[in-house]
Amino acid sequence: SHFHTYDGSRKNDLRVAQVLDWLSLPPERRPHFITLYFSDVDNAGHDHGPDSGEVERAARLADRLLRRLLDGIAALPHGDRVHVVVVSDHGMAKAGPDGRIFLDDVIELDGVRVLESGAVASLWFDDAARIAPAVATLRGRLKHVAVYRPGEMPERLHLDGNARVGHILLVAEEGFLVGARASLRNPAPGQHGYEPRDESMHGIFLALGPRIRPGARVPSFESVHVYPLLARLLDLDPVPGVDARLDPLAAILR
């Protein structure tokens with residue numbers, strides 16, 4: 001195994017070169033699975049919004065880096081045996097100051113921890129007796145925000161039973177932001193964390209390699225299903241109990 005702690009300041013060209021160096025190692029030392037991440041598109045989306053020229057330039061940079069990686073792989077003696085899968089962990093939506101919803105204006109926040117203000121917010125109460133009244137108040141007064149308690153979460157969110165959710169989960173409609181006033185003072189123009197069914201939250205998926213059918217297309221799918229695909233390409237058995245299936249991506253396999 002080869003491991004580098006993620007360093008956001010590391011130049012993208014050096015990241016590509018490192019991957020190609022690993023792929024050039026003798027078979028007994030060559031990694032079978034390598035991950036590579038470029039942060040430029042995400043950074044530009046947050047800082048300038050998804051429709052900005054900065055995002056377009058960042059996407060073009062990512063294209064050039066991917067081209068460099070693919071050309072380097074093609075030049076290897078065993079390049080025709082390498083699979084490349086391109087994904088993103090989320091999309092991006094436009095948001096701004098006009099869409100801010102301040103919880104301070106609706107409920108008393110003393111004794112309440114507000115985590116992850118923005119597209120979503122999680123509320124933790126020191127006094128459990130305050131939870132039910134707060135839910136009633138929030139549902140009665142908040143617009144453009146869904147209010148959930150554990151045990152009431154939509155199945156599509158896959159959050160029921162998760163200890164990190166908090167006593168109340170708030171999910172804003174796309175373009176809106178919810179949280180404590182202090183944490184929403186200067187919101188970024190680009191946000192993610194909205195409902196996964198919103199098309200703006202969808203990521204990218206591209207794949208090529210000897211076991212991938214050229215030109216194949218599949219409908220949108222949940223990102224978790226990439227895991228069994230990678231396991232199949234590596235001739236590994238997925239870990240039991242993981243909520244993922246190969247079926248949504250089976251059509252791209254030869």
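Every residue, every condition in (1) touching a residue at least 40 places away in the same chain (Cβ under 8 Å); (2) on the phi < 0 side of the Ramachandran plot; (3) under 22 Å from the mean Cα position of the chain (by Cα); (4) not assigned by TED's automatic domain parsing to the domain that holds A231, yes or no:
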{"site": "H4", "(1), (2), (3), (4)": "no, yes, yes, yes"}
{"site": "L20", "(1), (2), (3), (4)": "yes, yes, no, no"}
{"site": "L25", "(1), (2), (3), (4)": "no, yes, no, no"}
{"site": "H32", "(1), (2), (3), (4)": "yes, yes, no, no"}
{"site": "L36", "(1), (2), (3), (4)": "no, yes, yes, no"}
{"site": "N43", "(1), (2), (3), (4)": "no, yes, yes, no"}
{"site": "G49", "(1), (2), (3), (4)": "yes, no, yes, no"}
{"site": "D63", "(1), (2), (3), (4)": "no, yes, yes, no"}
{"site": "A74", "(1), (2), (3), (4)": "no, yes, no, no"}
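Do the conditions hold for S220, that is, is it under 18 Å from H90 (Cβ atoms) and either within 21 Å of the chain's Cα centre (by Cα) or not acidic (D, E) (or both)? Taking the combined requirement at face value, the residue satisfies it. Taking the condition assigned to a helix (DSSP H, G or I) and either in the same structural domain as G49 (by TED's automatic domain parsing) or more than 23 Å from E54 (Cα to Cα) (or both), does V226 pass? Spelling it out, V226 is indeed assigned to a helix (DSSP H, G or I) and either in the same structural domain as G49 (by TED's automatic domain parsing) or more than 23 Å from E54 (Cα to Cα) (or both).
Can D71 be described as in a helix (DSSP H, G or I) and more than 25 Å from P187 (Cβ to Cβ)? It is true that D71 is in a helix (DSSP H, G or I) and more than 25 Å from P187 (Cβ to Cβ). Looking only at region 1-58, residues that are within 19 Å of A74 (Cβ to Cβ), of a type in the set (G, A, S) and in a helix (DSSP H, G or I) come to 1 in all.
What do you reckon, is L65 in a helix (DSSP H, G or I), among the aliphatic types (A, V, I, L, M) and modelled with pLDDT of 95 or more? It is true that L65 is in a helix (DSSP H, G or I), among the aliphatic types (A, V, I, L, M) and modelled with pLDDT of 95 or more. Among residues of region 135-188 being among the hydrophobic types (A, V, I, L, M, F, W, C) and assigned to a loop (DSSP other than H, G, I, E, B), the one that is surrounded by the most Cβ atoms within 10 Å (Cβ to Cβ) is F176.
Note on region 80-97: among residues that are out of contact with any Phe, Trp or Tyr (no Cβ under 9 Å at 6 or more places or on another chain) and exposed (fewer than 14 other Cβ atoms within 10 Å of the Cβ), the one that is nearest to N12 (Cα to Cα) is D89.
The values are calculated or read from the model by the stated rules, or taken from the named source; none is laboratory data. As the structure is a prediction and not an experimental result, all values here were calculated from the model. When we count neighbours, we look across all protein chains shown, and the Cβ atoms used for this are built from the backbone with ideal geometry, even at glycine.
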